[in-house]
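Trainee: The following block contains the structure, expressed as structure tokens.
The values are calculated or read from the model by the stated rules, or taken from the named source; none is laboratory data. Small disclaimer: the values here were computed from a predicted structure and weren't measured. Glycine also receives a Cβ, built like all others from the backbone with ideal geometry; neighbour counts cover every protein chain displayed. These accessible areas exclude ligands, DNA and RNA; they are computed on the full protein's heavy atoms, side chains included. Shrake-Rupley method; radii C 1.70, N 1.55, O 1.52, S 1.80 Å.
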Amino acid sequence: MPRIAIVGATGAVGRECLALLDSGIVPVERVTPVGSARSVGRDLGAELALSLPVAPLVTVDDLDPRDVDVAVFCAGADVSLREAERLAAAGVLVVDNSSAFRMRADVPLVVPQVNPGALADRPVSHLVANPNCSTIQLVRALHPLHELATLESVVVATYQAASGGGLRGLEELAEGSRRVLDDPGARVEPGGRFGQPLPFSLVPEIGLQDDSGRTHEERKLVREPRKILGLPGLRVSATAVRVPVFHCHSEAVHVVLREPVTVEAVEKALTATPGLRVHTRSDTPSYPMPRTVFARPEDRALVHVGRIRVEPEDPRAVAVWVVADNLWVGAALNALQIVGLAMENGWLR
Ligand SMILES: NC(=O)c1ccc[n+]([C@@H]2O[C@H](COP(=O)([O-])OP(=O)(O)OC[C@H]3O[C@@H](n4cnc5c(N)ncnc54)[C@H](OP(=O)(O)O)[C@@H]3O)[C@@H](O)[C@H]2O)c1
């Protein structure tokens, strides 16, 4: 069984990694939580009531590569850029949740349900990248549509939860919402995790805009699906919006396919896809919602697709509504499923 380090173990994604390991998602000999110097001395095993063997929390500097087989990085791109390659060079398999290495040719960008073949061989870099949270749920819904009738173009609008901004994002939404409820005239200052005040509002800018006006999040939604799906020419247009929802990202996805399809054929293709839960017109309601998806662990582990439509004017144009837990499907679960696949492929003892 592998020895796994979680770098950023105290954060929103890191804590979910620990909880999922505790639930037995992949066998583990021992977990080493890694944090910044301010977290040394914290007992995460006790804080999170974990029953798996948990080593004392250390800083990355104090993490001895000989003590770990796998390091899951969830501490932001700066920490990954500074520390991941040192561990990888020492032979540790690094699964990185940040955007630091995703587009590098020698680093596979993997969603195990979509492109497991990218992990057929252990990369020479010893690095595997976890895609952006919005990308993962998008490609998991797009892949069966591509298999059904070949994707020509994608237009996606995201409705992204505050947990995508980490623990601080969750706190800012909770505190700001309380202040506005207590005093509807209260001014919530711009800045913080979301750049603009999020409570009772929408922020249509996630990350910095480039010269073309695309934000950092939108660039990821354009580039990453092309790499994962192996479709370098796929046309993708994205608008990424932060919404005052605590957990689970939602997406309105519109695709044009090469061949005409029916709603029944689309529902059948999606229903046959492992890891998707399809909400059809005969369900009430016929769509998933963030709070209901977050309410049950079995739903948090799935990508939910509803509002399935084929445009009457163009049977090649399909629209769907996709909801998934960004902390599980979009981060911790995907990363640990990569570890599971690496074990299946015999890369780890
Ligand atoms: N949130 C999501 O939905 C989501 C989804 C996909 C990918 N990601 C990616 O996952 C990463 C973590 O996101 P998050 O939302 O979990 O953020 P978060 O809640 O802000 O947690 C950040 C973590 O980074 C740790 N950290 C900061 N500086 C460190 C250092 N020098 N050495 C070691 N650890 C350090 C913090 O540890 P201390 O508490 O000890 O300071 C904390 O555990 C980011 O790269 C993010 O882009 C997040």
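Trainee: Pull up the range 117-131, narrow it to residues that are part of a loop (DSSP other than H, G, I, E, B) and within 16 Å of the ligand (Cβ to nearest atom), then point me to the one that is nearest to GLU224 (Cα to Cα).
Mentor: Only one residue fits best here, namely PRO131.
Trainee: Among the residues of the range 45-61, which ones are assigned to a helix (DSSP H, G or I) and near the ligand (Cβ under 10 Å from one of its atoms)?
Mentor: Within the range 45-61, VAL60, ASP61 meet the criteria.
Trainee: In this structure, is VAL40 open to solvent by 40 Å² or more (accessible area, probe 1.4 Å), β-branched (Val, Ile, Thr) and within 12 Å of the ligand (Cβ to nearest atom)?
Mentor: yes
Trainee: From the set of residues in the range 132-156 that are touching a Lys or Arg at 6+ places or on another chain (Cβ under 9 Å) and more than 21 Å from VAL266 (Cα to Cα), which is nearest to the ligand (Cβ to nearest atom)?
Mentor: ASN132
Trainee: Count, please, the residues in the range 323-340 that happen to be more than 21 Å from SER99 (Cβ to Cβ) and among the aliphatic types (A, V, I, L, M).
Mentor: 1
Trainee: Another one. With respect to ASP325, is the statement that it is charged (D, E, K, R) and over 16 Å from GLY164 (Cβ atoms) true?
Mentor: no
Trainee: ARG30 versus (1) open to solvent by 10 Å² or more (accessible area, probe 1.4 Å); (2) near the ligand (Cβ under 8 Å from one of its atoms): which is the lone unmet condition?
Mentor: Only one criterion is unmet by ARG30, namely (2).
Trainee: Would you confirm, using the coordinates I've provided, whether VAL222 is more than 16 Å from the ligand (Cβ to nearest atom), among the β-branched types (Val, Ile, Thr), more than 21 Å from ALA335 (Cβ to Cβ) and surrounded by 20 or more Cβ atoms within 10 Å (Cβ to Cβ)?
Mentor: no
Trainee: Sort out for me the strands (runs of 3 or more DSSP E) sitting completely within the range 243-349 that have 3 or more residues that are closer than 28 Å to GLU16 by Cα and among the aliphatic types (A, V, I, L, M).
Mentor: The strands (runs of 3 or more DSSP E) meeting that bar are 317-324.
Trainee: Give me the residue from the range 72-104 that is open to solvent by 60 Å² or more (accessible area, probe 1.4 Å) and assigned to a helix (DSSP H, G or I) and, out of that set, farthest from the ligand (Cβ to nearest atom).
Mentor: Within the range 72-104, the match that is farthest from the ligand (Cβ to nearest atom) is ALA89.
Trainee: Got a number for residues in the range 59-71 being open to solvent by less than 10 Å² (accessible area, probe 1.4 Å) and among the acidic types (Asp, Glu)?
Mentor: The number of residues fulfilling the criteria is 0.
Trainee: Select, from THR273, THR280, THR292, the only residue that is of a type in the set (S, T, N, Q) and open to solvent by 60 Å² or more (accessible area, probe 1.4 Å).
Mentor: Just one listed residue meets the conditions, THR292.
Trainee: Follow-up question, since we're still on this one. Which residues, taken from the range 10-19, are crowded, with 20+ Cβ neighbours inside 10 Å and either more than 13 Å from the ligand (Cβ to nearest atom) or farther than 14 Å from SER98 by Cα (or both)?
Mentor: If the condition is that a residue be crowded, with 20+ Cβ neighbours inside 10 Å and either more than 13 Å from the ligand (Cβ to nearest atom) or farther than 14 Å from SER98 by Cα (or both), then THR10, ARG15, GLU16, CYS17, LEU18 are the ones that fit.
Trainee: Being in contact with a strand residue (DSSP E or B) (Cβ under 7 Å, 6 or more places away or on another chain) and of a type in the set (Gly, Ala, Ser) is the filter; apply it to the range 301-330 and report the residue that is surrounded by the fewest Cβ atoms within 10 Å (Cβ to Cβ).
Mentor: ALA319
Trainee: Within the range 19-36, is there a residue that is touching a strand residue (DSSP E or B) at 6+ places or on another chain (Cβ under 7 Å) and over 23 Å from LEU327 (Cβ atoms)?
Mentor: yes
Trainee: Moving to a separate point now. List, please: which pairs have Cβ atoms under 9 Å, are six or more places apart or on different chains, and start with a residue in the range 157-174 that is within 11 Å of the ligand (Cβ to nearest atom) and end with one that is of a type in the set (S, T, N, Q) and assigned to a helix (DSSP H, G or I)?
Mentor: GLN160/SER134; GLY164/SER134; GLY169/SER163; LEU170/SER163
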